[in-house]
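Here is the structure we will look at, set down as structure tokens.
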Amino acid sequence: MVVNGVVGAGIFVMPATVASLLGPASPLAYLIAGAAAVLIALSFAEAGSIFERAGGPYIYAREAFGRFAGFEVGWMFLLGRLTGAAAIANAFAAYLGYFHPEFATARGRAAAITGSMGVIAAFNYFGVRYGAWIVNLLTIGKLLPLAVFIAAGLFAADPDGFSFAAIPEFTPLRNASLILLFALGGFEFASVPSEEVIDSRRHLPVALISGLAASVMIYMLVQIVCLGTLPGLAAEATPIATAARRFLGPIGATLMTIGAILSTTGTNSTVLLVGPRILYALAEHGQLPRIFGRVHPRYRTPHIAVVVFAAAAVALALSGAFAELAALNAIARLLYSITTCAAVPVLRRRIPAGERLFTLPGGWLIPALGIAASLFLLSGVTRSQALIGGAGVLAGALLYALAPAVRR
């Protein structure tokens with residue numbers, strides 16, 4: 001789940017974006033962004049070692065700062081996942097168009113989006129074990145083409161195309177690191193379905209750190225191969241496919257397109273496993289209608305939440321409104337990164353040491369650095385993004401205020 005959340009569709013376009021800012025020195029940005037992401041993930045690791053309830057950052061904020069803060073985090077997480085799922089579903093349909101032009105039409109795009117989301121939702125409806133199987137299968141499926149690309153590309157790469165010694169200017173390095181820190185988000189998905197994970201308090205910290213470290217390494221190796229095999233990398237719209245075509249021929253481009261299809265499907269398989277669990281957690285604590293908290297008597301899944309979340313994601317994907325709401329994804333990620341890091345010192349004071357299976361060294365230092373990294377990202381948010389994010393937060397506050405009346 002960690003790898004699937006981090007290594008998504010963005011890896012197939014990110015090399016060109018980062019190269020346009022830093023050129024041969026771009027691998028440095030991955031190290032910086034990876035270090036910042038690990039600081040945030042470490043706070044998730046400690047908080048996750050305390051709870052075995054579904055909800056992840058929602059539970060951490062609720063237990064540390066109260067019901068309202070928890071609801072806002074859960075609400076923004078939910079909105080971010082919906083807009084993310086809609087965008088990824090459209091990317092999936094676009095990649096399918098490489099093989100069949102019919103999927104580039106409005107009808108074909110609608111069929112691809114509805115069909116893919118429907119199949120993934122069905123797996124998650126009939127059992128978390130099946131949802132986990134499809135996540136694992138698609139993770140392997142997306143990593144195999146990337147492994148071929150990296151293994152063959154490292155032999156073909158020109159070492160003069162990249163450098164770890166060149167020191168880039170601060171502003172482009174910061175901008176590239178900001179973009180990559182957003183791209184490296186998604187590790188937090190693994191913290192949400194804790195009720196359905198075997199011994200999650202013990203396994204979640206290991207999964208978060210090892211999965212994120214592996215994902216950073218994959219991103220950096222892909223960047224190195226693209227720099228060493230594609231001289232005009234910064235101007236490429238499809239950098240991995242174009243680079244693969246140069247050293248693997250047409251079959252390489254096809255393989256990378258298949259990898260992109262599997263990657264988008266895999267990421268949405270994780271989102272459709274995680275998103276309904278946030279609905280379930282909010283309903284379980286009485287902050288959304290109880291119907292979302294119902295568990296199927298046979299399959300033991302939050303079946304109504306699965307259906308509602310999938311239907312909402314499909315509707316948003318087909319409407320095209322997700323593009324205007326994309327900023328919610330970024331704002332939501334910053335919000336629950338800050339609240340989770342801030343929750344760690346608070347939870348330490350409230351939870352006895354014997355009940356925490358993982359405690360970060362250095363006292364408050366690592367959570368504080370995670371907050372600083374998140375605030376640094378927040379400083380790069382545009383005015384329009386801030387307005388969209390603020391509207392999402394205000395909508396959550398209104399919904400929270402109306403919830404008691406709705407329950408009555």
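The values are calculated or read from the model by the stated rules, or taken from the named source; none is laboratory data. Quick caveat, the model's predicted, so the values are computed rather than measured. So basically every Cβ, Gly included, is an ideal-geometry build from the backbone, and we count neighbours across all protein chains shown. Accessible surface is based on the protein model in full, side chains and every heavy atom, while ligands, DNA and RNA are left aside. Shrake-Rupley method; radii C 1.70, N 1.55, O 1.52, S 1.80 Å.
Could you work out [θ]222 nm for the chain from helices alone, using -39500 (n - 2.57) per DSSP H run of at least four and dividing by all its residues? Round to the nearest 500 deg cm²/dmol. List each step's numbers first, then the result.
Numbers: 15 runs with 293 residues, N = 408.
Using -39500 (n - 2.57) per qualifying helix, the result is -24500 deg cm²/dmol.
Tell me, what is the percent relative contact order of segment 172-266, built from C-alpha pairs under 8 Å that lie six or more residues apart?
Values: 42 pairs, mean separation 14.1, N = 95.
After rounding, I find 15 percent.
Over segment 330-408, average the accessible area per residue using a 1.4 Å probe and give it in Å², no decimals. Present the calculation step by step, with values, prior to reporting the outcome.
On the way: 4330 Å² over 79 residues.
Counting only protein heavy atoms, the per-residue value for segment 330-408 is 55 Å².
Nearest 10 degrees, 0 to 90: what angle lies between the long axis of helix 250-284 and the longest principal axis of the chain (Cα atoms)?
Taking the Cα atoms of the chain, the angle to 250-284 is about 10 degrees.
With +1 on each Lys and Arg Cβ and -1 on each Asp and Glu Cβ, how big is the dipole of segment 136-205 about its Cα centre, in debye rounded to the nearest 20? Each step should come with its number before you reach the end.
On the way: 4 positive and 7 negative charges, 15 e Å.
With Lys and Arg at +1 and Asp and Glu at -1, about 80 debye.
Zone of Phe376 (label point 7 Å along Cα→Cβ, backbone N under 15 Å): which residues in segment 21-41?
28-41
Any idea which of Gly84, Val3, Gly127 is furthest toward the positive side of the dipole for the chain, if Lys and Arg beta-carbons carry +1 and Asp and Glu beta-carbons -1?
Value: Gly127.
Enter the accessible area per residue of segment 206-328 (Å², integer; probe 1.4 Å; all protein chains in place).
Ligands and nucleic acids excluded, the result is 36 Å² per residue.
Between helix 67-96 and the chain, what is the angle of the helix's C-alpha long axis to the longest principal axis, kept within 0 to 90° and rounded to the nearest 10?
Once rounded, the angle reads 30 degrees.
Roughly how big is the chain's charge dipole about its Cα centre, with Cβ charges of +1 (Lys, Arg) and -1 (Asp, Glu), in debye to the nearest 20? Spell out each step's value before the answer.
Working: 26 positive and 16 negative charges, 231 e Å.
That gives a dipole near 1100 debye.
Could you work out how far apart the two model spin labels at Ala106 and Ala386 are, taking each label as a point 7 Å from the Cα in the direction of the beta carbon, and quote it in nm?
Distance between the two pseudo-spin positions: 3.8 nm.
Tell me, what % of the accessible area of segment 1-144 is carbon and sulfur with a 1.4 angstrom probe?
Details: 3570 of 4930 Å².
The value for segment 1-144 is 72 percent carbon and sulfur by accessible area.
Summarise the accessible area of segment 176-299 (1.4 Å probe, protein heavy atoms) by the percent that is carbon and sulfur.
Carbon-and-sulfur percentage of accessible area, whole number: 66.
Over the chain, what is the mean sequence separation of C-alpha contacts under 8 Å (at least six apart), divided by residue count, expressed as relative contact order in percent?
On the way: 667 pairs, mean separation 143.4, N = 408.
It comes to 35 percent, rounded to a whole number.
Please report Rg over Rh for the chain, where both radii come from the alpha carbon positions and Rh follows the Kirkwood definition.
On the way: Rg = 20.8 Å, Rh = 21.6 Å.
Result: Rg/Rh = 0.96.
Where Lys and Arg each count +1 and Asp and Glu each count -1, what net charge lies around Thr267 among other residues with Cβ under 12 Å from its Cβ?
Taking every other residue near Thr267 into account, the sum is +2.
Compute the helix-to-body angle for 239-248: its Cα long axis versus the longest principal axis of the chain, expressed 0 to 90° and rounded to tens.
Helix 239-248 sits roughly 40 degrees off the main axis of the chain.
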